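Shown next, in C-alpha cells, is the structure this report addresses.
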Amino acid sequence: MKVLDFKPKLVSCLKNYNAQKFSQDAMAGLITGIVALPLAIAFGIASGVSPEKGIITAIVAGFIISLLGGSKVQIGGPTGAFIVIIYGIVTNPAYGEQGLLIATLLAGVLLILMGVFKLGTVIKFIPYPIIIGFTAGIAVTIFTTQMGDVFGLKQEVVDPTTKELVLDPATGQPLLAPLKTPGDFIGKWICYFQHFQYFNLWNFLIAILSILTIIFSPKLVKRVPGLNKIPGSLYAIVLMTIIVLLMKEFGGISGIDTIGDRFSIQGKLPAPVVPEITYDMIRDLMPIAFTIAMLGAIESLLSAAVADGVIGDQHNSNTELIAQGVANIASPIFGGIPATGAIARTMTNINNGGRSPIAGIIHAIVLLLILIILMPLANYIPMACLAGVLVIVSYNMSGWRTFRAMLHNPKSDVSVLLVTFFLTVIFDLTVAIEFGLVLATVLLFRRMASVGQISLQEGEIDVNNDSDVNVTHEEALHIPNGVQVYEIDGPFFFGIANKFEELATQFQEPPMVRIIRMRKVPFVDATGLHNLEVFIHKSHEQGIHVVLSGVRPEVLKVIRKSSLFGEIGEKNIFDHINGAMARATEVVSHPHIHHRVHSTK
C-alpha cells in the first residue's frame, strides 16, 4: 500500500486546457484577487502584524495552494480564524513575530505529515459542535478586537522613565496614542470601558458608514455589469478613504487614524529568510503549532468540500493537506502568517467562472502586482474602515443561526458547543480545541456505551430472524436446559465490557454452558477482549463451558492474536449458532468433556 497520496489537481486540469478555459480562469482570478485585497490587509492588521504581511501571505500561500492543492478551485490565504492565535503569539513577549514564524513553520510540517499519512479523511470526523463552537468563539473575539478602532479609543502616553504623562506642547493636554489592549477577552472590554472617555465620534461614524456600504453597495450595483463583481468591502475602503482625505484636507478634522499613521508599508515581496530554530522553541511552540495545523486542516477541507458540492467535483484531501503544509512553510519564510483555504474567496472564484487552479494562481499574481504598484496608497485607508470590514467578517463567520439551532440538539452536543465557544472566547483556541475534543470523545464513548447492549435469549431461537444460522428444515432452535445464550448487540469495547458480570449475577443457578452470540459485533477493542477473557476465565473456574457464536471474520482475526483465543480454544468458536448449539448440547450431554478440557489448561 502506498503511503504518499499526492495528486495535484493542476496536473489533471491542464490535460484538456484551452484558451476559453484560461479566459474564464483569468477573469475569476482577477476578481478574486480584488476581493482578497481588503481582507488580507484587514486580517494582517487585526493579527497584530503589518498589513503587507497579510498580502504576502495571500500571494505566497495562495500561489502554492493552487499550484499543489487537491482542489480545482480552492483559494488560499490568511483567514479570520487565525487572528486570535496570531495576535496571542505576537503580543506575547516570550514569542513575538519570531515565535509566530516558527510556530507557522512547525504547523506546515504537521500538515504535510497529516497528508502523507492520509489523515485527511480522519479530520472530517471532528464533531460538528466543536467546529461551530470555536468558529462562533473566534467571531466574537474578532468583533471584540475591533471595538477600539470602531470607537476611536486612545490612551495617554506615559514616559517610561518618569512614569508621568507626556503632554502635548501645543495644547498642554496629555498626548494620546492608539489604545493597546490586553490579549484576553475580559481584559479588552475592561480596557475599553476605562478609556471610553476618549471616544471619537468621527471614527465611529466612519466605521458605521463602512458597515452600511458593505451591506448595501452590492444591492445598489446589482444590475450594473462589471460593478456588481466588486465586493462591498472594496467599495467601503475606496469611499471611506476619499471621505477621510477630504475631511482632513478641507474640514480640518483630526484624530482619524489611517494605516500610514501606525505602519510603515513595504511595497515589495521580501527576500526569503529562514528563522533560527532551537529545541526549546519547538518544545514551547508545538502546542500552538498543533492548533494552527488543526485549524488550517479543518477550514481548508471544509472549504474544499463546500466547493465540491457547487462544481460537482471531488477534491483529494491528503494532497490538499500537503499543499497547505508547503504553503505554511513558505509563507513565514517570506515574512507571512498562517494560511488556509478561504471559503468566501473560494466561492467568489467559483461564482466568477473559476474552474481550475489557474484561477488561484492568477489571483496570487494580481495581489503581487497590487503589492508592488499600489501598496503606497494603502497608507490612506482609515483604521475605522478596516474595523468595519472585520465587524462584517465576524458577523458572517459567527453562524449565529446555526449556533442557535444547535441549542435544541441533545444535551451532549449542546455542552460540547458551549464549552468550546466559551473556552475560545475567555481563554484561547488551543485550550478550546483540546478540551472540546476530550469532552466530545468522552460523550461519544458514553453514547456508544448506551447503544451497545448485552441481552439474554431464552426458550427458542427463530432461525428465520437470525443471520448466523445454517438454513435447515427446522424453524427454531431449542435452547437446552443448562444452557444460557447471551447476545452482544453493537461494538464490544470498554463501554459495555463489564455488562456480562452484571447480567450473570442476576441468576442464582449457574448454567453448564454459556453461548455468547457475536453476530452483531463489528469490532472489539483491547479492553473488550480483556474483560471478555476475564469473564470466560471466571466461568471456567465455576465449571461453566463457554462457546462463541457468529464471530465475524474481522473480529475472529483480532481474537486469534490475543490470549483470549488460548483461553476459549478454537473448538469453541463458531461462525453460526447451529454449530455453537450442537457444541453446547454435546457438553450438557457429556459433562466430562467440559471438565477434561479445562483441567488441562
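Only the coordinates and a few stated rules stand behind these numbers; no lab work does. These figures come from a predicted structure and were not determined experimentally. Using ideal geometry, Cβ is built from the backbone for each residue, glycine included, and neighbour counts are taken over all protein chains shown.
Structure notes:
- Comparing ILE373, PHE523, TRP189 along the charge dipole axis of the chain, the residue lying farthest to the positive side is ILE373, per the Cβ-charge model.
- Extension gain, ALA305 to PHE250, is 14.7 nm, computed as 0.36 nm per intervening residue step minus the present C-alpha separation.
- Distance from the Cα centroid of the range 39-61 to that of the range 214-233 is 24 Å (rounded to whole angstrom).
- Distance violations [Cα-Cα > 24 Å] among LYS72/LYS229; LYS9/LYS53; LYS21/LYS229; LYS72/LYS268; LYS72/LYS118; LYS188/LYS411: LYS9/LYS53; LYS72/LYS268; LYS188/LYS411
- Considering only the chain, percent of DSSP beta bridges that pair antiparallel, nearest 5: 55
- Helices in the chain that qualify as membrane-span-like (whole DSSP H runs, Cα extent of at least 20 Å along the helix axis, mean Kyte-Doolittle hydropathy of 1.0 or higher) are 19-46, 51-68, 96-116, 128-145, 201-220, 232-250, 279-311, 357-373, 383-398, 411-426, 429-451.
- Alpha-carbon Rg with Dmax, taken over the range 122-262, Å: 19.8, 63
- PHE196/GLN173 FRET efficiency (R0 22 Å; Cβ-Cβ; nearest 0.05): 0.80
- Distance in nm between pseudo-label sites at GLU276 and ASP159 (7 Å out along the Cβ direction from Cα): 3.6
- Since only LEU239, PHE199, GLY251 are under comparison, the one whose Cα sits farthest along the positive direction of the charge dipole of the range 125-255, derived from C-beta charges on Lys, Arg, Asp and Glu, is LEU239.
- Given +1 at the Cβ of Lys and Arg, -1 at the Cβ of Asp and Glu and no other charges, the dipole of the chain around its Cα centre is 1500 debye to the nearest 20.
- Highest-first arrangement of 542-548, 198-204, 252-258, where packing means the average Cβ count within 10 Å: 542-548, 198-204, 252-258
- Ordering GLN20, ILE479, ALA327 by Cα displacement along the dipole of the chain toward the positive end leaves GLN20 in first place; charges were set at the Cβ atoms of Lys, Arg (+1) and Asp, Glu (-1).
- Dimensionless Rg ratio for the range 256-378, taking C-alpha atoms and the 2.2 N^0.38 Å reference: 1.26
- Sorted ascending by nearby beta carbons within 10 Å, beginning with the fewest, ASP168, ASP313 become ASP168, ASP313.
- Packing rank of 521-528, 85-92, where each peptide gets the mean count of other beta carbons within 10 Å, highest leading: 85-92, 521-528
- Residues ASP308, ASP575, ASP280, ranked from the fewest to the most other C-beta atoms within 10 Å, line up as ASP280, ASP308, ASP575.
- One entry in (i) 66, 25, 22; (ii) 63, 28, 21; (iii) 47, 29, 21 is semi-axes √(5λ) of the Cα gyration tensor in Å calculated from the shown coordinates; its label is (ii).
- The range 360-423 and the range 540-576: distance between their alpha carbon centers, rounded to Å: 56
- Along the chain, the exposed loop sites are GluC sites (Glu not before Pro) outside DSSP states H, G, I, E and B with at most 13 other Cβ atoms within 10 Å, and the longest stretch free of them is 277-457.
- Residue separation of HIS590 and ASN379 scaled by 0.36 nm, minus their Cα-Cα distance, works out to 66.5 nm of gained length.
- Residues HIS195, HIS315 in ascending order of nearby Cβ atoms (within 10 Å, fewest first): HIS195, HIS315.
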